[in-house]
Amino acid sequence: MGFFNKLNKGLKKTRDNMSGAINSALTGKNEIDDEFYDDLEEILIMADVGVETSELIVSRLRDSVFKKNLHKAKDVTAEIQNIVADILSGGQEVDMITVPSVILVIGVNGVGKTTSIGKLAAMFKDEGKKVILGAADTFRAAAIDQLQIWADRAGVDIVKHKEGADPAAVVYDTIEAGKARNADIIICDTAGRLHNKKYLMDELNKIYRVVDRQLPYADREVLLVLDATTGQNAVNQAKEFMECAEITGIILTKLDGTAKGGVVLAIKNDLKVPVKFIGVGEGIDDMRPFVPSDFAESLFEAKEKEED
Ligand code: GDP
Ligand code: MG
(Lines give C-alpha, C1' and ligand atoms only; values in the text may rest on other atoms or scores of the structure.)
(Ligands and ions follow the chains in the order given, each with its own letter.)
Protein backbone atom coordinates (compact mmCIF):
# COMPACT_ATOMS: atom_id res chain seq x y z
CA MET A 1 0.00 0.00 0.00
CA GLY A 2 1.34 3.45 -0.91
CA PHE A 3 1.86 5.95 1.83
CA PHE A 4 -1.06 8.21 0.97
CA ASN A 5 -3.43 5.27 1.24
CA LYS A 6 -1.74 4.24 4.47
CA LEU A 7 -2.21 7.76 5.79
CA ASN A 8 -5.81 7.62 4.66
CA LYS A 9 -6.33 4.34 6.46
CA GLY A 10 -4.41 5.55 9.51
CA LEU A 11 -6.52 8.68 9.82
CA LYS A 12 -9.80 6.81 9.46
CA LYS A 13 -10.83 7.12 13.10
CA THR A 14 -9.97 10.82 13.23
CA ARG A 15 -11.73 11.39 9.93
CA ASP A 16 -14.87 9.54 11.02
CA ASN A 17 -14.85 11.41 14.31
CA MET A 18 -14.18 14.84 12.88
CA SER A 19 -15.33 15.26 9.29
CA GLY A 20 -18.08 12.68 9.78
CA ALA A 21 -19.52 14.83 12.56
CA ILE A 22 -19.08 18.01 10.52
CA ASN A 23 -21.00 16.44 7.64
CA SER A 24 -23.80 15.41 9.99
CA ALA A 25 -23.95 18.93 11.42
CA LEU A 26 -24.31 20.28 7.87
CA THR A 27 -26.96 17.81 6.79
CA GLY A 28 -30.30 19.43 6.05
CA LYS A 29 -29.00 22.96 6.68
CA ASN A 30 -30.20 25.57 4.21
CA GLU A 31 -27.93 28.22 5.59
CA ILE A 32 -24.76 28.25 7.59
CA ASP A 33 -26.03 29.59 10.90
CA ASP A 34 -24.67 30.20 14.40
CA GLU A 35 -25.86 26.78 15.49
CA PHE A 36 -23.58 25.20 12.91
CA TYR A 37 -20.60 27.27 14.04
CA ASP A 38 -21.22 26.23 17.65
CA ASP A 39 -21.48 22.59 16.59
CA LEU A 40 -18.31 22.90 14.55
CA GLU A 41 -16.36 24.36 17.44
CA GLU A 42 -17.53 21.57 19.71
CA ILE A 43 -16.66 18.89 17.14
CA LEU A 44 -13.17 20.31 16.70
CA ILE A 45 -12.56 20.50 20.43
CA MET A 46 -13.77 16.90 20.79
CA ALA A 47 -11.30 15.90 18.07
CA ASP A 48 -8.42 17.24 20.20
CA VAL A 49 -7.85 20.28 18.00
CA GLY A 50 -7.63 22.44 21.15
CA VAL A 51 -9.81 25.41 22.17
CA GLU A 52 -7.69 28.20 20.73
CA THR A 53 -7.20 26.54 17.36
CA SER A 54 -10.85 25.47 17.14
CA GLU A 55 -11.89 29.09 17.68
CA LEU A 56 -9.46 30.21 15.00
CA ILE A 57 -10.86 27.74 12.47
CA VAL A 58 -14.42 28.79 13.21
CA SER A 59 -13.69 32.49 12.92
CA ARG A 60 -11.78 32.03 9.66
CA LEU A 61 -14.64 29.94 8.31
CA ARG A 62 -17.17 32.63 9.27
CA ASP A 63 -15.10 35.12 7.29
CA SER A 64 -14.86 32.92 4.21
CA VAL A 65 -18.51 31.91 4.24
CA PHE A 66 -19.44 35.59 4.33
CA LYS A 67 -16.90 36.82 1.79
CA LYS A 68 -17.33 33.96 -0.67
CA ASN A 69 -21.05 33.64 -0.02
CA LEU A 70 -20.87 29.88 0.58
CA HIS A 71 -24.07 27.89 1.03
CA LYS A 72 -23.48 24.35 -0.10
CA ALA A 73 -22.28 21.81 2.44
CA LYS A 74 -19.57 20.60 0.11
CA ASP A 75 -18.21 24.12 -0.37
CA VAL A 76 -18.17 24.65 3.38
CA THR A 77 -16.27 21.42 4.05
CA ALA A 78 -13.84 22.24 1.24
CA GLU A 79 -13.26 25.62 2.88
CA ILE A 80 -12.65 24.00 6.28
CA GLN A 81 -10.14 21.71 4.59
CA ASN A 82 -8.36 24.73 3.05
CA ILE A 83 -8.20 26.48 6.41
CA VAL A 84 -6.82 23.35 8.07
CA ALA A 85 -4.17 22.92 5.35
CA ASP A 86 -3.21 26.57 5.71
CA ILE A 87 -2.87 26.35 9.51
CA LEU A 88 -0.75 23.21 9.17
CA SER A 89 1.64 24.56 6.59
CA GLY A 90 4.92 26.29 7.11
CA GLY A 91 8.11 25.24 8.80
CA GLN A 92 7.78 21.52 8.06
CA GLU A 93 10.81 21.54 5.75
CA VAL A 94 13.79 19.61 7.05
CA ASP A 95 17.08 21.36 6.30
CA MET A 96 19.81 18.80 6.33
CA ILE A 97 22.20 20.07 3.75
CA THR A 98 25.51 19.80 5.58
CA VAL A 99 27.46 16.57 5.58
CA PRO A 100 27.05 15.35 8.16
CA SER A 101 23.80 16.69 9.61
CA VAL A 102 22.65 15.73 13.08
CA ILE A 103 19.25 14.69 14.39
CA LEU A 104 18.65 14.39 18.12
CA VAL A 105 15.47 12.54 19.02
CA ILE A 106 13.90 13.33 22.37
CA GLY A 107 10.63 12.54 24.15
CA VAL A 108 9.26 10.53 27.08
CA ASN A 109 9.39 6.75 27.25
CA GLY A 110 7.02 4.83 25.04
CA VAL A 111 6.13 7.58 22.57
CA GLY A 112 8.03 5.86 19.76
CA LYS A 113 11.51 7.44 19.69
CA THR A 114 13.51 4.31 18.92
CA THR A 115 10.98 3.03 16.39
CA SER A 116 10.92 6.42 14.67
CA ILE A 117 14.71 6.48 14.46
CA GLY A 118 14.64 3.07 12.78
CA LYS A 119 12.04 4.29 10.28
CA LEU A 120 13.93 7.54 9.63
CA ALA A 121 17.16 5.64 9.07
CA ALA A 122 15.45 3.42 6.50
CA MET A 123 13.85 6.44 4.83
CA PHE A 124 17.12 8.37 4.49
CA LYS A 125 18.99 5.27 3.36
CA ASP A 126 16.36 4.81 0.70
CA GLU A 127 17.18 8.33 -0.49
CA GLY A 128 20.78 7.20 -0.93
CA LYS A 129 22.12 8.73 2.26
CA LYS A 130 24.60 7.16 4.63
CA VAL A 131 23.14 7.04 8.11
CA ILE A 132 24.72 6.28 11.47
CA LEU A 133 22.81 5.83 14.71
CA GLY A 134 23.92 6.66 18.25
CA ALA A 135 22.40 4.71 21.14
CA ALA A 136 22.43 7.57 23.66
CA ASP A 137 19.46 6.21 25.58
CA THR A 138 21.79 4.36 27.93
CA PHE A 139 19.29 4.17 30.75
CA ARG A 140 18.20 0.61 30.02
CA ALA A 141 20.10 -2.14 28.23
CA ALA A 142 16.88 -3.02 26.39
CA ALA A 143 16.82 0.41 24.77
CA ILE A 144 20.29 -0.14 23.29
CA ASP A 145 19.35 -3.61 22.07
CA GLN A 146 16.18 -2.27 20.50
CA LEU A 147 18.08 0.38 18.54
CA GLN A 148 20.53 -2.30 17.40
CA ILE A 149 17.60 -4.31 16.03
CA TRP A 150 16.37 -1.27 14.09
CA ALA A 151 19.89 -0.54 12.80
CA ASP A 152 20.08 -4.12 11.48
CA ARG A 153 16.62 -3.86 9.97
CA ALA A 154 17.45 -0.58 8.22
CA GLY A 155 20.94 -1.78 7.31
CA VAL A 156 22.79 1.16 8.90
CA ASP A 157 25.70 1.52 11.33
CA ILE A 158 25.26 2.07 15.05
CA VAL A 159 27.53 3.29 17.83
CA LYS A 160 26.73 2.06 21.30
CA HIS A 161 28.20 1.88 24.77
CA LYS A 162 27.22 -0.16 27.80
CA GLU A 163 24.06 0.42 29.82
CA GLY A 164 24.52 3.35 32.19
CA ALA A 165 27.21 5.04 30.06
CA ASP A 166 27.28 8.82 29.68
CA PRO A 167 24.87 9.72 26.84
CA ALA A 168 27.03 12.69 25.80
CA ALA A 169 29.99 10.33 25.39
CA VAL A 170 27.91 8.14 23.09
CA VAL A 171 26.95 11.20 21.03
CA TYR A 172 30.64 12.21 20.89
CA ASP A 173 31.69 8.79 19.60
CA THR A 174 28.80 8.65 17.13
CA ILE A 175 29.84 12.00 15.65
CA GLU A 176 33.46 10.92 15.43
CA ALA A 177 32.45 7.67 13.71
CA GLY A 178 30.10 9.60 11.43
CA LYS A 179 32.89 11.94 10.35
CA ALA A 180 35.34 9.07 9.84
CA ARG A 181 32.86 7.07 7.77
CA ASN A 182 31.53 10.04 5.79
CA ALA A 183 28.01 9.70 7.09
CA ASP A 184 25.39 12.11 5.73
CA ILE A 185 23.09 11.88 8.72
CA ILE A 186 23.82 11.13 12.36
CA ILE A 187 20.73 10.25 14.41
CA CYS A 188 20.93 9.95 18.20
CA ASP A 189 18.40 8.29 20.47
CA THR A 190 18.04 9.75 23.99
CA ALA A 191 16.35 8.78 27.22
CA GLY A 192 13.32 10.88 28.11
CA ARG A 193 13.01 11.34 31.82
CA LEU A 194 10.71 14.30 32.10
CA HIS A 195 9.92 13.54 35.73
CA ASN A 196 13.35 14.90 36.52
CA LYS A 197 13.48 18.12 34.55
CA LYS A 198 16.73 19.39 35.96
CA TYR A 199 18.45 16.13 35.10
CA LEU A 200 16.97 16.04 31.61
CA MET A 201 17.94 19.63 30.95
CA ASP A 202 21.51 19.05 32.11
CA GLU A 203 21.80 15.89 30.04
CA LEU A 204 20.44 17.54 26.90
CA ASN A 205 22.61 20.62 27.34
CA LYS A 206 25.64 18.41 27.66
CA ILE A 207 24.69 16.65 24.42
CA TYR A 208 24.10 20.01 22.65
CA ARG A 209 27.56 21.16 23.77
CA VAL A 210 29.16 18.04 22.32
CA VAL A 211 27.42 18.66 18.98
CA ASP A 212 28.39 22.37 19.08
CA ARG A 213 31.99 21.51 19.68
CA GLN A 214 32.33 18.58 17.27
CA LEU A 215 30.16 19.92 14.47
CA PRO A 216 29.75 23.69 14.92
CA TYR A 217 28.44 24.30 11.39
CA ALA A 218 26.30 21.22 10.93
CA ASP A 219 22.57 21.45 10.33
CA ARG A 220 20.88 20.21 13.44
CA GLU A 221 17.35 19.03 14.12
CA VAL A 222 16.08 18.39 17.62
CA LEU A 223 12.93 16.38 17.06
CA LEU A 224 10.46 15.86 19.88
CA VAL A 225 8.45 12.67 19.53
CA LEU A 226 4.81 12.87 20.59
CA ASP A 227 2.27 10.05 20.71
CA ALA A 228 -0.92 11.15 18.91
CA THR A 229 -3.05 8.68 20.89
CA THR A 230 -2.51 10.83 23.99
CA GLY A 231 -4.29 13.82 22.43
CA GLN A 232 -4.07 17.01 24.48
CA ASN A 233 -1.57 15.34 26.83
CA ALA A 234 0.87 15.37 23.94
CA VAL A 235 0.47 19.15 23.78
CA ASN A 236 1.19 19.45 27.49
CA GLN A 237 4.23 17.21 27.16
CA ALA A 238 5.53 19.40 24.37
CA LYS A 239 5.07 22.51 26.53
CA GLU A 240 7.15 20.92 29.27
CA PHE A 241 9.90 19.89 26.89
CA MET A 242 9.96 23.33 25.33
CA GLU A 243 10.81 24.73 28.75
CA CYS A 244 13.99 22.73 28.91
CA ALA A 245 15.05 21.97 25.35
CA GLU A 246 15.51 23.69 22.05
CA ILE A 247 13.12 21.89 19.68
CA THR A 248 13.10 22.31 15.90
CA GLY A 249 10.21 20.01 15.07
CA ILE A 250 7.84 17.24 16.06
CA ILE A 251 7.57 13.61 15.04
CA LEU A 252 3.94 12.68 15.63
CA THR A 253 3.58 8.92 16.01
CA LYS A 254 0.73 6.41 16.23
CA LEU A 255 -1.68 8.39 14.07
CA ASP A 256 -2.99 5.01 12.99
CA GLY A 257 -5.73 3.79 15.23
CA THR A 258 -6.49 7.00 17.11
CA ALA A 259 -9.40 9.42 16.79
CA LYS A 260 -7.20 12.13 18.29
CA GLY A 261 -5.33 13.06 15.10
CA GLY A 262 -6.77 16.58 15.33
CA VAL A 263 -4.06 17.21 17.90
CA VAL A 264 -1.73 17.94 14.98
CA LEU A 265 -3.52 21.28 14.61
CA ALA A 266 -3.09 22.17 18.27
CA ILE A 267 0.60 21.33 18.08
CA LYS A 268 1.20 23.52 15.06
CA ASN A 269 -1.02 26.43 16.04
CA ASP A 270 -0.84 26.58 19.86
CA LEU A 271 2.80 25.63 20.19
CA LYS A 272 4.12 27.12 16.95
CA VAL A 273 6.31 24.08 16.46
CA PRO A 274 6.09 22.40 13.07
CA VAL A 275 5.29 18.72 12.71
CA LYS A 276 8.04 17.37 10.45
CA PHE A 277 7.39 13.63 10.32
CA ILE A 278 4.44 11.40 11.04
CA GLY A 279 4.20 7.74 11.98
CA VAL A 280 1.22 5.67 10.91
CA GLY A 281 2.24 2.19 11.98
CA GLU A 282 4.89 0.00 13.56
CA GLY A 283 6.55 -1.08 10.32
CA ILE A 284 9.77 0.25 8.84
CA ASP A 285 7.89 1.98 5.98
CA ASP A 286 5.41 3.72 8.23
CA MET A 287 7.11 7.10 8.55
CA ARG A 288 7.00 10.01 6.14
CA PRO A 289 7.72 13.71 6.00
CA PHE A 290 4.65 15.67 6.99
CA VAL A 291 2.85 17.16 3.99
CA PRO A 292 0.14 19.56 5.25
CA SER A 293 -2.06 19.44 2.14
CA ASP A 294 -2.02 15.62 2.03
CA PHE A 295 -2.78 15.49 5.72
CA ALA A 296 -5.69 17.94 5.43
CA GLU A 297 -7.03 16.03 2.44
CA SER A 298 -6.82 12.78 4.36
CA LEU A 299 -8.64 14.29 7.31
CA PHE A 300 -11.61 15.12 5.12
CA GLU A 301 -11.71 12.71 2.23
CA ALA A 302 -11.36 8.96 2.19
CA LYS A 303 -10.65 8.62 -1.50
CA GLU A 304 -8.14 6.08 -2.75
CA LYS A 305 -5.21 7.28 -4.77
CA GLU A 306 -3.21 5.59 -7.47
CA GLU A 307 0.30 5.28 -6.17
CA ASP A 308 3.44 3.57 -7.37
P1 GDP B 1 10.45 4.95 22.95
O2 GDP B 1 10.37 4.46 24.36
O3 GDP B 1 10.06 6.39 22.84
O4 GDP B 1 11.76 4.68 22.30
O5 GDP B 1 9.32 4.16 22.13
P6 GDP B 1 9.46 2.87 21.21
O7 GDP B 1 10.10 3.24 19.91
O8 GDP B 1 10.08 1.78 21.98
O9 GDP B 1 7.94 2.56 20.86
C10 GDP B 1 6.99 2.23 21.85
C11 GDP B 1 5.87 1.43 21.19
O12 GDP B 1 5.15 2.24 20.27
C13 GDP B 1 6.37 0.25 20.38
O14 GDP B 1 5.53 -0.85 20.63
C15 GDP B 1 6.22 0.70 18.93
O16 GDP B 1 6.02 -0.36 18.03
C17 GDP B 1 5.02 1.60 19.02
N18 GDP B 1 4.96 2.60 17.94
C19 GDP B 1 5.89 3.52 17.60
N20 GDP B 1 5.48 4.28 16.55
C21 GDP B 1 4.26 3.83 16.19
C22 GDP B 1 3.29 4.22 15.18
O23 GDP B 1 3.45 5.15 14.38
N24 GDP B 1 2.13 3.49 15.17
C25 GDP B 1 1.89 2.47 16.04
N26 GDP B 1 0.71 1.84 15.95
N27 GDP B 1 2.75 2.11 16.99
C28 GDP B 1 3.93 2.75 17.06
MG1 MG C 1 13.52 3.91 23.10
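The values are calculated or read from the model by the stated rules, or taken from the named source; none is laboratory data. Quantities reported herein were computed from a predicted structural model and do not represent experimental measurements. Here the Cβ positions follow ideal geometry from the backbone for every residue, glycine too, while neighbour counts run over all protein chains shown. Areas reflect the complete protein model, heavy atoms only, side chains present, ligands, DNA and RNA absent. Shrake-Rupley method; radii C 1.70, N 1.55, O 1.52, S 1.80 Å.
Values for this structure:
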quantity	calculated
Residue of Thr230, Thr53, Thr98 that the Gaussian network model of the chain assigns the largest fluctuation, springs spanning Cα pairs under 10 Å	Thr98
Nearest-10 value in Å² for the accessible area of Asp202, using the 1.4 Å probe	80
Per-selection metrics, the range 1-158 (Cα): Rg and Dmax in Å	21.6, 62
C-alpha long axis of helix 34-46 to longest principal axis of the chain, angle in °	20
Environment charge of Val111, counting only residues whose C-beta is closer than 10 Å and scoring Lys/Arg +1, Asp/Glu -1	+1
Potential lengthening between Tyr199 and Asp126 on full extension [0.36 nm per residue; Cα-Cα distance subtracted]	22.7 nm
Partners for Lys74 among lysines (Cα-Cα distance below 16 Å; same-chain residues under 8 apart left out)	Lys29, Lys303
Neighbourhood charge, 15 Å Cβ-Cβ cut-off, centred on Glu52 and excluding it, Lys, Arg +1 and Asp, Glu -1	-1
Relative contact order (percent, whole number), the chain, Cα cutoff 8 Å, 6+ residue spacing	28
The range 31-92 - charge dipole about Cα centre, Lys and Arg +1 at Cβ, Asp and Glu -1, debye rounded to 20	460
Helix-only mean residue ellipticity at 222 nm for the chain, each DSSP H run of n ≥ 4 adding -39500 (n - 2.57), per residue, nearest 500	-16500 deg cm²/dmol
Exposure of Arg181 as accessible area (Å², to 10), given a probe of 1.4 Å and all protein chains	100
Computed magnitude of the charge dipole of the chain (debye, nearest 20; Cβ of K, R +1, Cβ of D, E -1)	720
Cα-based convex hull volume of the chain per residue, rounded to whole Å³	124
Theoretical gain in end-to-end length, Met242 to Lys68 [0.36 nm per residue, Cα-Cα removed]	58.7 nm
Most positive-pole-ward Cα, Ile144, Met242, Thr114, against dipole of the chain from beta carbon charges	Ile144
Asp33 accessible area, 1.4 Å probe, all protein chains in place, Å² to nearest 10	50
Cα-based reach from Lys254 at 19 Å (exclusive), listing lysines while leaving out same-chain residues under 8 positions away	Lys6, Lys9, Lys12, Lys13, Lys113, Lys119, Lys268, Lys276
Charged-residue dipole, Cβ positions (Lys, Arg, Asp, Glu), the range 150-283 about Cα centre, Debye nearest 20	240
Amide H within-cut-off set for Gly192, under 5 Å, with H built and near neighbours excluded	Asn109
